[in-house]
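Notes follow the structure.
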There are 4 protein chains.
Amino acid sequence: MKEMKKNRPKYMQIIDAAVVIIAENGYHQAQISKIAKQAGVADGTIYLYFKNKEDILISLFQEKMGYFVGSVEEKIAGKQTATEKLYMLVETHFKILSDDRHLAIVTQLELRQSNKDLRHKINEVLKGYLMLIDKIILEGIENGEFSSSLDLRLARQMIFGTVDETATSWVMNEQKYNLADLAKAVHQLLISGCGYQDNKPVL
Amino acid sequence: MKEMKKNRPKYMQIIDAAVVIIAENGYHQAQISKIAKQAGVADGTIYLYFKNKEDILISLFQEKMGYFVGSVEEKIAGKQTATEKLYMLVETHFKILSDDRHLAIVTQLELRQSNKDLRHKINEVLKGYLMLIDKIILEGIENGEFSSSLDLRLARQMIFGTVDETATSWVMNEQKYNLADLAKAVHQLLISGCGYQDNKPVL
Amino acid sequence: MKEMKKNRPKYMQIIDAAVVIIAENGYHQAQISKIAKQAGVADGTIYLYFKNKEDILISLFQEKMGYFVGSVEEKIAGKQTATEKLYMLVETHFKILSDDRHLAIVTQLELRQSNKDLRHKINEVLKGYLMLIDKIILEGIENGEFSSSLDLRLARQMIFGTVDETATSWVMNEQKYNLADLAKAVHQLLISGCGYQDNKPVL
Amino acid sequence: MKEMKKNRPKYMQIIDAAVVIIAENGYHQAQISKIAKQAGVADGTIYLYFKNKEDILISLFQEKMGYFVGSVEEKIAGKQTATEKLYMLVETHFKILSDDRHLAIVTQLELRQSNKDLRHKINEVLKGYLMLIDKIILEGIENGEFSSSLDLRLARQMIFGTVDETATSWVMNEQKYNLADLAKAVHQLLISGCGYQDNKPVL
DNA sequence: CATGAATGAGAATTCATTCAT
DNA sequence: TATGAATGAATTCTCATTCAT
């Protein structure tokens, strides 16, 4: 039944309105009435598509994170090496945020203000993305691109932590510079670290 | 005037009460009345030491982050190489959080629920810590330990992002494993990255 | 026009659905959408048969109270004395409620939660029943069965108040005992009161 | 702790304000803000004395019903016979309602619109009053004033049902006549019933 | 006749902050 | 200094009713 609701045009209309309103007003100033107005529907209509306010936020995150995972998977598909795949992940991640500045503000800053419950639910959704990272790491280890002594969890946390922190800093600096341009250098860092190793570019 | 207040015993008493209350109840359930009760003072008394609720949280972060920076600086002092210094930073960071589980919950989870304004102020406080990281990176580049092509900002974001994400995951996993034990592997990752480079342990 | 509507099958279908829904969910949880679902029609269809929600409840009460009055009149018809007629009234009243536990809950508990306006309208409908009681009392006074000093209104209020309170208590006690069995004793009380008067059973 | 609150003047101030507001606006139009304004306090102050809106209503009923029971007990104290005691109960009941027309509206009409939960709680409070009735009935049976074949529950339901219905009718007729004047006749009815029994006044 | 998606008004409650004592 | 009773602003969600199909 909910699947049906998701396919009705107002479902995405409301989610997109929520992204705009939260980005422009902040999480705590994003009242349902504002979102409804932005979406061009009545307040009550929101509740035909979402159980409550929290449900809007989780759905928002699900939809957008689904797009993240889908986009990355698509970009990765044609690549042969884990190194190249990791690059596509970083690039795609930065690209999507660059292309939708509202979304960037919402995912990097505003949604983190949600309470613990919501954050745990968001983390569940995030798992799909983290598993994508894991797959790349394991592939890299298997084919000898990556160090065989890598701790999967720590490597994943470095990759996600670095990408996320880079994106957050960019948003907090009001997106003044070009995030997408950083993909190459970030990727290089993730592959080779800070240390001097006769570093040749990896790509 | 504030300096004077800081020296009065109730100042730290209230901050410590805030850490406990926020850790145990969550950011949004940490009412002034609860903090006052925990601190053993009346609600109104809090306002003799802090301008408002936000001021408690910033002060809390300042005090604790000051301790972070101080501790790391102390540990670093005796080390010769940037590599060693980076290790001490990671180790100390993890150690402090391991030793004060309430503080870990507050800084890694709860305080991030604050609004954008407060987060910007917290970021100001964080700068002292980030500058410490910068100093290590620059030293590493200068003496040839680190790659000369490092982008200072990105390297800092990788280091902080990785350490922070590792700590946050640990807290979200209810601190089930030993965070301090991860310092070595995390440090290795930061120095050498994921890539295969005939990886020898760096320490 | 309304008469025509009453004859269409969906009219009673909706009223019966309302009885079930109100009995099972309570007055305030008996939404139009639930009643419509139970009746097997669309929400909007309800408004083809009833002006508004209040109109459903009044109509419900009218239909059921009409059945009450009709049943009592029928039972009374063959009886000679006012005493016997009063007995038939009490017995029939209890019998109808015993036979339809949903109806009992609705009339004794749920419908009383309606607002003052609706209650006044319900009282109008109730008048038909109260007039039946009046007729019995007057007949009793005329033929010497009842005290000639009876105040008609007070006697009516005692009879209705007693029967109603007995029924309500029975419903609030979850209909655990047999209401119909109480008819004789209640009737005796109404005729002879509490006082000791060499009480012989009146029937 | 709550006992302390009850003794602070604002406790009764709020309850009395609630009686006025509910009587004048009806149960569903008695918003907290109206009650607060009438009581001369801020909305939030209400919640220092009452857990929630329902708690105001239960407390209101408790306080007033306590006054009912207390008044009746006091009046009964000096009387010798159950017949006289029953008279005092009816008279006091009618007198209290006559003297406080707002209270009459609230208890006879408005409070009955409350939901089932609240009604069950109100019924608990009512038990004190019903036990008073029971005591009178039992005493009357023991000393031979009342019929030894009385069913306690039914007799109680007749007495309460009659008094309550009489009061409710009076309120629904907008208190146009004098309720207190009816005490004697109602009492006579309760003692002797409708039947002709060479009825001499019982008092 | 029948549908059911859309509407939009309306109110209880919390909690940071104040200020008289 | 310290207290804690009082303040009052601010927002989600429900559901009777409508009307285009």
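The values are calculated or read from the model by the stated rules, or taken from the named source; none is laboratory data. Bear in mind that the values here come from a model prediction, so they are computed numbers and not experimental data. Backbone-built Cβ (ideal geometry, glycine too); neighbour counts: all protein chains shown. Note: areas computed on protein heavy atoms with side chains; ligands, DNA, RNA excluded. Shrake-Rupley method; radii C 1.70, N 1.55, O 1.52, S 1.80 Å.
Ballpark to the nearest 100 Å², how much total accessible area do B and A bury together, probe 1.4 Å?
Numbers: alone 11210 and 11220 Å², together 18540 Å².
What B and A bury together is about 3900 Å².
Can you give the angle from 0 to 90° between the axis of helix B:183-192 and the longest principal axis of chain B, with both taken from C-alpha atoms, to the nearest 10?
Helix B:183-192 sits at roughly 50 degrees to that axis.
Highest GNM mean-square fluctuation, chain B, Cα pairs closer than 10 Å: which of B:S148, B:S71, B:S59?
Its mean-square fluctuation being the largest, the pick is B:S148.
Hey, with R₀ at 51 Å, roughly what FRET efficiency would B:Q31 and B:D134 work out to, going by the Cβ-Cβ distance, to 0.05?
Numbers: r = 38 Å, r/R0 = 0.75.
My answer for the efficiency is 0.85.
I'd like the accessible area for A:E174, computed on protein heavy atoms only with a 1.4 Å probe and all protein chains in place. Round to 10 Å², please.
Here the accessible area works out near 140 Å².
Looking at the axis that maps chain B onto chain D, which chain B residue has the closest Cβ, and how far off is it in Å, rounded to a whole number?
B:G44, 4
Return one quarter of the surface area of the convex hull spanned by the alpha-carbon atoms of the stretch B:66-164, equal to its mean projected area, in nm².
6.4 nm²
Angle, helix A:53-77 long axis vs. longest principal axis of chain A, Cα atoms, 0 to 90°, nearest 10?
For A:53-77 against chain A, the angle is about 30 degrees.
What gaps in nm, shortest first, separate C:N52 from its twins in the other copies when you place the label 7 Å past Cα toward the beta carbon?
2.8, 3.0, 4.4
Which of the lysines could a cross-linker span from B:K10 if the Cα-Cα distance has to be under 26 Å and same-chain partners fewer than 8 positions apart are dropped?
Filter leaves B:K2, B:K34, B:K37, B:K51, B:K53, B:K64, B:K121.
Taking only the alpha-carbon atoms of chain B, what semi-axes of the equivalent ellipsoid follow from 5 times the gyration tensor eigenvalues under a square root, in whole Å, largest first?
Details: eigenvalues 247, 63, 40 Å².
With the √(5λ) rule applied to chain B, the semi-axes are 35, 18, 14 Å.
Choose one answer from A:G144, A:G26, A:G66: the residue with the largest mean-square fluctuation in a GNM of chain A with alpha-carbon springs under 10 Å.
Evaluated over chain A, the most mobile residue of the options is A:G144.
In bins 5 Å wide, starting from 0, what share of all Cα pairs of the stretch B:1-50 does each bin hold, as a percent?
Computed distribution, short to long bins: 5, 25, 31, 22, 12, 5, 0.
Just the number, please: carbon plus sulfur as a percent of the accessible area of the stretch D:129-177, 1.4 Å probe, no ligands or DNA/RNA counted.
Values: 980 of 1940 Å².
Looking at the stretch D:129-177 in its full context, I get 51 percent from C and S.
What is the angle, in °, between the Cα long axis of helix D:82-99 and the longest principal axis of the Cα atoms in chain D? Nearest 10 is fine, range 0 to 90.
Approximately 30 degrees, to the nearest ten.
How far apart are the B:N25 label points across copies, placing each 7 Å from Cα toward Cβ, in nm, shortest first?
2.8, 3.1, 3.7
In the protein assembly as shown, with Lys and Arg counted as +1 and Asp and Glu as -1 at Cβ, which of these residues, D:F61, C:F50, B:I21, has the Cα nearest the positive end of the dipole, that is, farthest along it?
Result: C:F50, furthest along the dipole toward the positive end.
Counting Lys and Arg as +1 and Asp and Glu as -1, what is the net charge of the other residues whose Cβ lies under 15 Å from the Cβ of B:K176? Write down the numbers at each step before the final one.
Values: positive: A:R153, B:R101; negative: B:E174, B:D181.
Within the 15 Å Cβ shell, the charges total 0.
Normalised by the number of residues in the stretch C:65-140, what is the relative contact order in percent for Cα pairs under 8 Å and 6+ residues apart? All intermediate terms of the calculation are to be shown ahead of the outcome.
On the way: 37 pairs, mean separation 34.2, N = 76.
Here the relative contact order equals 45 percent.
In whole Å and largest first, what semi-axes does the C-alpha gyration tensor of the protein assembly as shown yield when each eigenvalue is scaled by 5 and square-rooted? Please list the in-between numbers first.
Details: eigenvalues 1235, 207, 83 Å².
They are 79, 32, 20 Å, listed largest first.
Hey, got the average number of other protein chain Cβ atoms within 10 angstrom for residues in A:177-188?
Numbers: counts 1, 0, 0, 0, 0, 4, 0, 0, 7, 6, 1, 7.
The per-residue average across the peptide is 2.
When a/c is below 1.5 the answer is rounded, else prolate if a/b is larger than b/c, else oblate, so apply that to the stretch A:99-142 with a ≥ b ≥ c taken from the square roots of the Cα gyration tensor eigenvalues.
Working: a/c = 4.14, a/b = 1.70, b/c = 2.44.
Verdict is oblate for the stretch A:99-142.
Across the residues of C:144-154, average count of Cβ atoms on other protein chains within 10 Å?
Values: counts 1, 3, 6, 10, 2, 6, 9, 5, 0, 6, 9.
Going residue by residue through C:144-154 and averaging, the value is 5.
Please give the average number of partner chain Cβ atoms lying within 10 Å of the Cβ of each residue in C:112-124, rounded to a whole number. If you can, show how the numbers build up before the last one.
Working: counts 5, 9, 2, 7, 9, 1, 1, 5, 2, 0, 0, 3, 0.
Averaged over the peptide's residues, the number is 3.
Pull up the cross-link candidates among the aspartates and glutamates for D:K116, meaning alpha carbon to alpha carbon under 14 Å and not fewer than 8 places away within one chain.
Here the aspartates and glutamates satisfying the reach criterion relative to D:K116 are C:E24, C:E110, C:E174, D:E54, D:E124.
Which distances in nm, rounded to one decimal and ordered from shortest, link the label point of D:G78 to the equivalent label points in the other identical copies, with labels set 7 Å from Cα toward Cβ?
5.7, 9.6, 10.6
Quick one: pull the percentage of alpha-carbon pairs in the stretch D:120-203 with a separation above 16 Å. Before the final figure, lay out the partial values.
Values: 2123 of 3486 pairs.
Value for the stretch D:120-203 (Cα pairs over 16 Å): 61 percent.
Excluding ligands, DNA and RNA, what is the solvent-accessible area per residue of the stretch C:114-203 at a probe of 1.4 Å, expressed in Å²?
Details: 3970 Å² over 90 residues.
Ligands and nucleic acids excluded, the figure is 44 Å² per residue.
Can you tell me the FRET efficiency between B:E74 and D:K10 if r is taken as the Cβ-Cβ distance and R0 is 41 Å, rounded to the nearest 0.05? Spell out each step's value before the answer.
On the way: r = 57 Å, r/R0 = 1.39.
The computed FRET efficiency comes out at 0.10.
Let me check I've understood the local charge: for D:N123, count other residues with C-beta under 14 angstrom from its C-beta, Lys and Arg +1, Asp and Glu -1. What total comes out?
On the way: positive: C:R112, D:R112, D:K116, D:R119, D:K121, D:K127, D:R156; negative: C:E165, C:E174, D:D117, D:E124, D:D164.
After counting each charged neighbour, the total is +2.
Tell me, what is the percent relative contact order of the stretch C:53-192, built from C-alpha pairs under 8 Å that lie six or more residues apart? Mind dumping the intermediate values first?
Details: 105 pairs, mean separation 47.0, N = 140.
Taking the mean separation of contacting Cα pairs over the length of the stretch C:53-192, I get 34 percent.
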